[in-house]
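The values are calculated or read from the model by the stated rules, or taken from the named source; none is laboratory data. Nothing here was measured: the structure is a model prediction, and the numbers come from that model. Cβ placement follows ideal geometry from the backbone for every residue including glycine, while neighbour counts extend to all protein chains displayed.
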Amino acid sequence: MTLDALLDRAGRLAARPRTVEELPGGLTNRNYKVTTPDGAYVARIASDGTELLAIDRECEYRNSVTAAAAGAGPPVIEYHRENRLLVLGFIDGRTLTSSDVADERNIPRIAQACRLLHQGGRFVNDFDMFDIQRRYLAVARSRGFRIPDGYDDLLGPFTAASKALAAQAAATVPCHNDLLAANFIDDGDRIWLIDYELSGNNDPCFELGNIAAESHLSDDALAGLVTAYYGRPRRSKIARARILGLAGMYGWTLWGAIQHASSPLEYDFWSWAMERFEGALAGFTAGGFPRLLDEVQVDD
């Protein structure tokens, strides 16, 4: 089916005159800005084969509705299961870069955007990177996909991290779980969170640690983000976010490896995977890692 034919089947997108502009990004979907006399919308068309990446499109749709109700995500206009099409309201704003995320003026705004989502209704599924990593590894092993040399050498600290985190188990909240800079939209007044394909109820410190890891925040910037989120300095939560950021990089390495082996897109997924593996390697083998394991187990 052509793109025009697909859009003609969506009520809000069928009106003419209609302009269609492809949006950048979208490693597991195609995104278009569609403008009609009724307004501007985003058409998200999901790619095939994303079940290998633990992406459930029904959960994405339902969680997007919940995030919109919380005021954190764009409004959901329509969902067409048979065509894997999700129609959202278009947020007129600027997509952030990693340097924007690191800007100290944006740190409290990002913390507020996360709190808005986390205080909303619960999502329909859960997300735990330690479980996801095992699923990704099983996929890679069973299909003979290439993974980075030395990957298994980090299973020890990865497991130690899981045990240390369990000593002070945190209540889960509805999390985005994939807040790289491109999933923040700044409309000049507030920051919106877009793209809920990996969303699920999770430890809020995973959200904060993953933001830091994806945008290469300094230790001080991560501490600032955690402090802004909780309203006061909390040493154990800073350690928790740091550890979960490392766990995220370790798990996302396999996301990239699976994409490298299976995606039809012309994109350097291997370099993407190696960037995260090298981040996990540096953090798990750093001299300060044992101290983080101790700090995360103390409630402050």
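Please go through segment 252-300 and pick out each residue that is surrounded by fewer than 18 Cβ atoms within 10 Å (Cβ to Cβ) and of a type in the set (D, E, K, R).
Listed by number, the residues that qualify are E266, D268, E275, E278, R291, D294, D299, D300.
State whether the residues of segment 236-248 include one that is under 23 Å from the mean Cα position of the chain (by Cα), exposed (fewer than 15 other Cβ atoms within 10 Å of the Cβ) and either among the aromatic types (F, W, Y) or under 22 Å from N177 (Cβ atoms) (or both).
No, segment 236-248 contains no residue that is under 23 Å from the mean Cα position of the chain (by Cα), exposed (fewer than 15 other Cβ atoms within 10 Å of the Cβ) and either among the aromatic types (F, W, Y) or under 22 Å from N177 (Cβ atoms) (or both).
In segment 45-57, is there at least one residue being within 13 Å of R12 (Cα to Cα), assigned by TED's automatic domain parsing to the domain that holds E21 and in a strand (DSSP E or B)?
Taking segment 45-57 as the starting set, the residues that turn out to be within 13 Å of R12 (Cα to Cα) are none.
Looking through segment 45-57, none of the residues is within 13 Å of R12 (Cα to Cα), assigned by TED's automatic domain parsing to the domain that holds E21 and in a strand (DSSP E or B).
Mind counting the residues in segment 1-59 that are among the hydrophobic types (A, V, I, L, M, F, W, C) and closer than 18 Å to S199 by Cα? Explain how you work it out, then say what you get.
In the first step, residues of segment 1-59 are kept if they are among the hydrophobic types (A, V, I, L, M, F, W, C); the result is 1, 3, 5-7, 10, 13-15, 20, 23, 27, 34, 40, 42-43, 45-46, 52-55, 59.
This time we only want the ones that are closer than 18 Å to S199 by Cα, so: 27, 45-46, 52-55, 59.
Total satisfying the criteria: 8.
Identify all residues within segment 253-286 that are among the charged types (D, E, K, R) and part of a helix (DSSP H, G or I); write none if there are none. Walk me through it before giving the result.
Filtering segment 253-286 down to residues among the charged types (D, E, K, R) leaves 266, 268, 275-276, 278.
Once the filter is applied, which keeps residues that are among the charged types (D, E, K, R) and part of a helix (DSSP H, G or I), segment 253-286 yields E275, R276, E278.
Restricting attention to segment 39-52, which residues are of a type outside the set (V, I, T) and modelled with pLDDT under 95? So that I can check it myself, show each step before the final result.
We begin by selecting, within segment 39-52, every residue of a type outside the set (V, I, T); these are 39-41, 43-44, 46-49, 51-52.
Answer for segment 39-52, where residues must be of a type outside the set (V, I, T) and modelled with pLDDT under 95: A46, S47, D48, G49, E51, L52.
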